[in-house]
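Peer 1: One structure is given below, represented as structure tokens, and several questions about it will come after.
The values are calculated or read from the model by the stated rules, or taken from the named source; none is laboratory data. Just so it is clear, the structure is predicted and the values come from calculations on it, not from any experiment. Counting neighbours? That spans all protein chains shown, and the Cβs are built from the backbone with ideal geometry, glycine included.
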Amino acid sequence: MYSKLGEAIIGNDKEEVKNIISNLKEKDINLTNFVDEFASIMLMEANLSYGNFHFIKMALFLRELSIKGFFTKETEKELINLLSLNMTERHFVKVEAYRLGYMEEAADQNTIKKMVKELDNGNSHNAYYYSLGLLKYKPEALRNNLLSLGTESLSESLGHSFSCFYPVLRDLMVENSRHDTNSLFSYILYLSRFDYDGEVHIQYDKDSFSNVSNLMEICSSGEGIVNLHHMITLTIYLLWEKDEINGDYIPYHNFNNWIGTKNVDEKQKEKVLNMQKEMDLPENFLDFENIFSLNALDASLPIYFKLLEDDYTAAVDWMFRLYTTYYNPKWDPHYFTSLYSALKLYKMDKSEKKTPSKMAIYQALRYFAQRIV
């Protein structure tokens, strides 16, 4: 089934894509398998719309939620349809990287220094050579150092140099993955566009985020793409803290320097705090679709906040499915990645009323509503 779908996607045959997916039997609906099948294509996207690797990040976030059982079969079918149709609108470069070439019998900190030097000089092939040795002998150190390098360019890339590749390194650059070298090569090509301090890889920052709730409120304040990326990137940092690939070192200073003196939007915070509390909850997706209005977020959000509190799984499933009903050929991956990030913050939010993460959800939904409705 996926081979025929792949042919239709590569051939930009939208009608055949729709036909194949509409005829899927329930046993064949599996978003995880779909993303695994097409990850190699997504990794080599020539992203002419956004200039970064947004599609693979979006797909891997959806894959994670699929693996964890947040989506019904109905929702997975709609997500497969959206991803497939959107892939027909994008451009890809057929490139495949292999583990061949590394001749040394070990890799160490000196190998990391050589890789960074080659990246700094823009020699992506040479940097890839050293990264292959690290992938073989020091994979955890490689992943952590690549992400750390990505944080050096947060302000130049709106956070993409870090956030776009976190799920790639977490999910695909792992043992027995058929996508590990393509993932690595893709990231090396991306990182080689930036300049690095020769000592950037030395682990000297032992700070942490001192007040996460306040930082959530700061990053969830404001409209537009820059403010949205503050929230998305903070989420990835907090996920990175919990992940085994972070080693003992996370460069918090790079994020703090990027955010700078930004303050909490007190009007936005007050609006979230004062939203109506008592609401009757919809019993199924169709009821939710009829009740929740993107045109009237201030009135609809209390319903969603109550649903999050009572049934988080349904809240995730129904909102992602609702998003698919607004698909158009110019789909912006930030729609899904910001929703994913805000919902992650909700689970990580330890404050009593969850106001910081509710601000993030409001920010993500407002970004979507302003561009799609």
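Peer 1: Evaluate the following for residue 267: is it surrounded by 14 or more Cβ atoms within 10 Å (Cβ to Cβ), of a type outside the set (Val, Ile, Thr), farther than 30 Å from residue 36 by Cβ and at pLDDT 90 or above?
Peer 2: no
Peer 1: Only one of 350, 330 is of a type in the set (Lys, Arg), within 23 Å of the chain's Cα centre (by Cα), within 21 Å of residue 229 (Cα to Cα) and assigned by TED's automatic domain parsing to the domain that holds residue 265. Can you tell me which?
Peer 2: On inspection, the qualifying residue turns out to be 330.
Peer 1: Which one of 94, 114 is over 30 Å from residue 10 (Cα atoms) and not acidic (Asp, Glu)?
Peer 2: 114
Peer 1: For the list (1) farther than 25 Å from residue 332 by Cα; (2) not in a helix (DSSP H, G or I), I need the number of the one condition that residue 140 fails.
Peer 2: (2)
Peer 1: I would also like to ask the following. Kindly indicate whether any position in region 148-155 is touching a Cys at 6+ places or on another chain (Cβ under 9 Å) and within 28 Å of residue 226 (Cβ to Cβ).
Peer 2: Yes, region 148-155 contains a residue that is touching a Cys at 6+ places or on another chain (Cβ under 9 Å) and within 28 Å of residue 226 (Cβ to Cβ).
Peer 1: Here's a check for you: in region 176-197, which residue that is in contact (Cβ under 8 Å) with a residue 24 or more places away in the chain and small (Gly, Ala, Ser) is farthest from residue 136 (Cα to Cα)?
Peer 2: Filtering first and then ranking leaves 192.
Peer 1: Mind listing just one residue for me: the one in region 338-371 that is small (Gly, Ala, Ser) and in a helix (DSSP H, G or I) and, of those, surrounded by the fewest Cβ atoms within 10 Å (Cβ to Cβ)?
Peer 2: By that ranking, first place goes to 369.
Peer 1: What single numbered condition from (1) outside any helix (DSSP H, G or I); (2) touching a Gly at 6+ places or on another chain (Cβ under 9 Å); (3) not polar (S, T, N, Q) fails to hold for residue 116?
Peer 2: (1)
Peer 1: Taking helices (runs of 4 or more DSSP H) that do not extend beyond region 5-87, which have at least 2 residues that are without any contact (Cβ under 8 Å) to a residue 60 or more places away in the chain, in contact with a helix residue (DSSP H, G or I) (Cβ under 9 Å, 6 or more places away or on another chain) and more than 27 Å from residue 311 (Cα to Cα)?
Peer 2: 14-22, 31-43
Peer 1: Residues of region 143-163 being charged (D, E, K, R) and part of a helix (DSSP H, G or I), which ones?
Peer 2: 143, 156
Peer 1: Take the conditions modelled with pLDDT of 90 or more, of a type in the set (Gly, Ala, Ser) and in contact with a helix residue (DSSP H, G or I) (Cβ under 9 Å, 6 or more places away or on another chain) and apply them to residue 198. Does it pass?
Peer 2: Judged against the criteria, residue 198 is not a match.
Peer 1: Taking the conditions exactly as written (assigned by TED's automatic domain parsing to the domain that holds residue 185, exposed (fewer than 15 other Cβ atoms within 10 Å of the Cβ) and closer than 20 Å to residue 196 by Cα), does residue 126 satisfy them or not?
Peer 2: No.
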